[in-house]
1. Per-residue mean of other chain beta-carbon atoms within 10 angstrom of the beta-carbon, peptide C:146-159?
2. With each run of n ≥ 4 DSSP H residues scored as -39500 (n - 2.57), what mean residue ellipticity at 222 nm is computed for the protein assembly as shown after dividing by its residue count and rounding to the nearest 500 deg cm²/dmol?
3. Treating each Cα of the range A:3-206 as an identical point scatterer and ignoring solvent, apply the Debye formula and state log10 I(q)/I(0) at q = 0.15 Å⁻¹.
4. Just want to confirm a number: the relative contact order over chain A, from Cα pairs under 8 angstrom separated by 6+ residues, in percent.
5. State the volume of the convex hull built on the alpha-carbon positions of the range B:70-179, expressed per residue in Å³ and rounded to an integer.
6. For C:60-70, what's the mean count of beta carbons from other chains sitting within 10 Å of each residue's beta carbon?
7. R0 = 22 Å: FRET efficiency of B:Asp181 with B:Gln121, Cβ-based, nearest 0.05?
8. Put a point 7 Å out from Cα along the line to Cβ at A:Asp156; what are the distances to that point in the other copies, in nm, shortest first?
Amino acid sequence: MREPALLPLLLTTLEATATVAFALSGLMEAARKRLDAVGVCVVAGLAAFGGGTLRDVLLDRRPFFWVEHAGWLWALLGGCIVAMLLLRRRHFAPTERAMQWPDAVGLGLFSAGGTQLALAQGLPAIVAVLMGVVTAVFGGVLRDIVCNEIPSAFRDHRPYAVCAFAGGWVLVAARSLGLDDSAAVLLAAAATFGLRALALATDYRLPAWTSGSER
Amino acid sequence: MREPALLPLLLTTLEATATVAFALSGLMEAARKRLDAVGVCVVAGLAAFGGGTLRDVLLDRRPFFWVEHAGWLWALLGGCIVAMLLLRRRHFAPTERAMQWPDAVGLGLFSAGGTQLALAQGLPAIVAVLMGVVTAVFGGVLRDIVCNEIPSAFRDHRPYAVCAFAGGWVLVAARSLGLDDSAAVLLAAAATFGLRALALATDYRLPAWTSGSER
Amino acid sequence: MREPALLPLLLTTLEATATVAFALSGLMEAARKRLDAVGVCVVAGLAAFGGGTLRDVLLDRRPFFWVEHAGWLWALLGGCIVAMLLLRRRHFAPTERAMQWPDAVGLGLFSAGGTQLALAQGLPAIVAVLMGVVTAVFGGVLRDIVCNEIPSAFRDHRPYAVCAFAGGWVLVAARSLGLDDSAAVLLAAAATFGLRALALATDYRLPAWTSGSER
């Protein structure tokens, strides 16, 4: 009887790890911008929960994740304070390298989850796929806007949002082929993670639109 | 029996042309900022649909235009890719000049439409007029914020939002004089377009608040 | 029979004064950035009403304050025009010093009001306290984002949001001790105001996270 509980436990663990990776990306960007403790907590929170919250505002869903599971807010505040006490500038680069992988897991899980939620509301496939992208990517977008940067997801020429976009269509296809919802979500998350891992491993760059910026 | 269908067809054509003009403004700003393909599509989409979406979030209306007419999202993605293949930097200035006029049409139609929606919800006239301004102007505002610029609608000293504001009051006045809704919307859109065209033709500038920025 | 009406009258006066202080902060930042009349009105409006509006979007509450009391929008537009005619650059520094105190009053009243609204919806205490912070602080955050600045509330190392955060917990504690709602709100607002006044009087700075920005 232990096996049935293993997958949910694994998923929860993966999601929690990915959320920490997202929050850390905000925390380190806030530190680079020399924000104070309030700014560090807000930017970390936006990076962790901003994408899902924006999706829920667009889909008119309530309660938000962080309202239903308010313990996460305590974890975020506590984690930010601990990080401000322990984390040093020299730890940033290795932390970012280590966080690439849980971040890729989060990209897969959160985008597949967001697409699934939108499909369950009966929205068109293209809208649902974009809602998945919003869920996984726009926390980082809000983080960068508050830090007064052009969002890195829009200018680093690395496949990030496009992996989530492709994975969303895997979800749509899997459902239309009759897979049950959980299997389709896992397959889509794995596809997104795989694409992102491949992009990281090969250091792939999206072709630049040189014509748009020629002098 | 053909005449009754002509006006809707004309309006749809004008709205589609104006939406293309809005999207192109985002596409070219994204190109100037050297965004990647994801950034180009997002910024073009914000410029095209961001104002109406923000209005619908504020008015708590669903579904959004781009959810009800999801074909527009395909058109946007496809159009961005075609533009990235065909459009060159040297085309930007002539494109912007040519787009001023459909942009002015969009300013009129979208602001009048937004004001009409808010009035139909029973909102006060001043709120409805501002919702019209949000509909027509805040797509460009979101475009500029994501591109890390102060919104040009707030600093170029050209009458843009004020034309939509004035046209909104034409709509309120026309309705209170008993005009039917469609005629009032068209009259307001024409008034906004006329004011904007006049401002473009005369190169008019709003008086600067020099006192606020004196040294 | 006059006494019962005195407290509401006093509160309304304090709230109106605080709203003017918030709007003036936006107006002066817009002037420093050389925005035009449209930008000045929008940024002043965001500073005055943006926090409460964002809270209402998150809590899915309608109508917004400025829809229910649309007269405030007229006051805002009129006030901005009068200020642009009368206010000179040399007035900015003394105005900002004078506005610190009504701003601190607003910090207390709006954060306590926002927390109270969220608690009345049955939200968890930590969420409600954060909604109070959003109400009082995020108008200024939106003001700064539109003006292309990192929000000062996130980087000036002065206790501002933390005063509202502490005051929110006073409200939660007072309610759980059985105080009636109005008394608890007033107590929390006074606590927030007192902390902010103390910070202003002693020129207190939050400890910097030097480790985060070390070279």
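Every read-out reported here was derived from the displayed coordinates using simple, explicitly stated rules and does not represent laboratory data. Predicted model, so just to flag it, every value in this text is computed and none were measured. All Cβ positions, glycine included, derive from the backbone under ideal geometry; neighbour counts span all protein chains shown.
1. On the way: counts 6, 4, 7, 2, 10, 8, 2, 5, 13, 9, 4, 6, 2, 3.
That works out to 6 on average.
2. Details: 27 runs with 501 residues, N = 645.
The helix-only estimate for the protein assembly as shown comes to -26500 deg cm²/dmol at 222 nm.
3. These q points yield log10 I(q)/I(0) values of -0.92.
4. On the way: 268 pairs, mean separation 47.7, N = 215.
Here the relative contact order equals 22 percent.
5. Numbers: hull volume 15.4 nm³, N = 110.
Convex hull volume per residue, Cα atoms: 140 Å³.
6. Numbers: counts 7, 1, 4, 6, 2, 0, 4, 11, 2, 1, 7.
Averaged over the peptide's residues, the number is 4.
7. With a Förster radius of 22 Å, E is 0.95.
8. Nearest first, the other copies' label points are 3.2, 3.2 nm away.
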